[in-house]
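What follows draws every value from the coordinates through simple rules; no lab data is involved. Note that the structure is a prediction, hence the values are computed from the model and not measured. Methodologically, a virtual Cβ is constructed for each residue, glycine included, from the backbone with ideal geometry; neighbour enumeration extends over all protein chains shown.
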Amino acid sequence: MAIVRETGVPVVYGRTEDLRATLADWLAEHDDGIACVIGDDTFVPTPRVQSLAPELSKGLEFDLVILVEPEKFGQGIAGVIDRYVAMTRATQQLVVLSPDASPRELPRAPRDDAVRHPEPHR
């Protein structure tokens, strides 16, 4: 299971059509913070939700990052770099949306109070 930085929050996978609902849920649960949609050039930014192309996200950080169809971020090494840069912009939560996500790839992100951090190995 992929984890975003040290938050212990797993990466969430969903379908592309879940974009608006995912953002609405996050905004309703978070009174502050900034989100970013990366990879959907039709998304219109708002004061709390930015919209960027993958190559323009380098050096920036957001509480929530939603990658829309990252498999389309490019080919070869340039595509790999754009996907890596985009995925590493999230400081709290990363959501990856694809049109062909299967239901078994759609776990809900745990609430902050439900996150269980693994015990350190002894």
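Here is how the numbers come out for the structure above:
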read-out: Sequence-distant residues sharing a close amide H with Ile34 (under 5 Å, placed H); value: Asp63, Leu64
read-out: Amide H contacts under 5 Å for Asp40, placed H, 5+ residues apart; value: Leu52, Val68
read-out: Shape call, the range 9-61: gyration tensor on alpha carbons, a/c limit 1.5; value: rounded
read-out: Packing-based exposure ordering (other Cβ within 10 Å, fewest first) of Tyr84, Tyr13; value: Tyr84, Tyr13
read-out: Built amide H within the under 5 Å cut-off of Val9, gap 5+; value: Val4
read-out: Karplus (6.51, -1.76, 1.60) ³J(HN,Hα), θ = phi - 60°, over the range 53-66, in Hz, Gly and Pro reported as x; value: 6, x, 5, 8, 8, 4, x, 9, 9, 9, 4, 10, 10, 10
read-out: Asp82, Asp63 arranged by Cβ crowding within 10 Å, fewest neighbours leading; value: Asp63, Asp82
read-out: Dimensionless Rg over Rh [the range 12-105; C-alpha; Kirkwood]; value: 0.94
read-out: Dipole magnitude (debye, nearest 20) for the range 12-105, charges at Cβ of Lys, Arg, Asp, Glu; value: 200
